[in-house]
Amino acid sequence: MKKVITYGTYDLLHWGHINLLKRARELGDYLIVALSTDEFNAIKGKKAYYSYEHRKLILESIRYVDEVIPERSWDQKIQDIIEHNVDIFVMGDDWKGKFDFLKDYCEVIYLPRTIGISTTKIKKDLKVQNG
């Protein structure tokens, strides 16, 4: 079985996220999503609209996702790859090159983002609408 892993906050889930998860799952037989915990988001200076538990429940309901694990730190990726016998690490191409150090442990693939949609854009649009 070929295992794939990806990481993210998955706040304000949208078509771009679903598209990334679908394409990531098509690269293997089993997709693991490492979901940023609320505590880790605070360290990163990110504010998620929904709690970790809420975002986890949503991700678990998506048919392309086989397992959701917590992302608690920047440094856990090598440990996760080894512990879960991961074959492929996937991120959006906005991260291109930043995870090449993982190539010693698995294949690293940067998938193109879905054009026209992003969480940043949605948050900006919501802020403009709400004043």
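The values are calculated or read from the model by the stated rules, or taken from the named source; none is laboratory data. For clarity, every value in this text was computed on a predicted model and none was experimentally measured. For neighbour counting, all protein chains shown are included, and Cβ atoms are generated from backbone atoms with ideal geometry for every residue, glycine included. Just so you know, the surface numbers come from the protein's heavy atoms only, side chains and all, with ligands and any DNA or RNA stripped out. Shrake-Rupley method; radii C 1.70, N 1.55, O 1.52, S 1.80 Å.
Quick check: at a probe of 1.4 Å, how many percent of the accessible area of the stretch 1-84 sits on carbon and sulfur atoms?
53
Which ³J(HN,Hα) values, rounded to whole Hz and listed in residue order, are derived for the stretch 5-13 from phi using the Karplus coefficients 6.51, -1.76 and 1.60 in 6.51 cos²θ - 1.76 cosθ + 1.60 with θ = phi - 60°, glycine and proline given as x?
Those phi angles translate into 10, 9, 10, x, 8, 6, 8, 6, 3 Hz.
With every protein chain kept in place and ligands, DNA and RNA left out, what is the accessible area per residue of the stretch 42-113? Probe 1.4 Å, answer in Å².
64
All other residues with a Cβ under 9 Å from the Cβ of Glu71 taken together, and with Lys, Arg as +1 and Asp, Glu as -1, what is their net charge?
Around Glu71, the charge tally is +1.
Taking H placed 1.01 Å from N in the peptide plane, check which residues at least 5 places from Leu111 or on another chain put their amide H under 5 Å from its amide H.
Met91, Gly92, Asp93
Collect residues whose amide H, placed 1.01 Å from N in the peptide plane, falls under 5 Å from the amide H of Ala34; neighbours closer than 5 in sequence don't count.
Amide H to amide H, under 5 Å and 5 or more residues apart or across chains, Ala34 pairs with Thr6, Tyr7, Gly8, Ile69.
Per-residue HN-Hα couplings for the stretch 70-84, Karplus 6.51 cos²θ - 1.76 cosθ + 1.60 at θ = phi - 60°, whole Hz, x for Gly and Pro?
Going residue by residue, I get x, 9, 10, 7, 5, 8, 7, 4, 4, 4, 4, 4, 5, 4, 9 Hz, with x marking Gly and Pro.
Under the rule a/c < 1.5 gives rounded, and otherwise a/b versus b/c splits prolate from oblate, where does the chain land using the Cα gyration tensor?
Note, shape of the chain comes out prolate.
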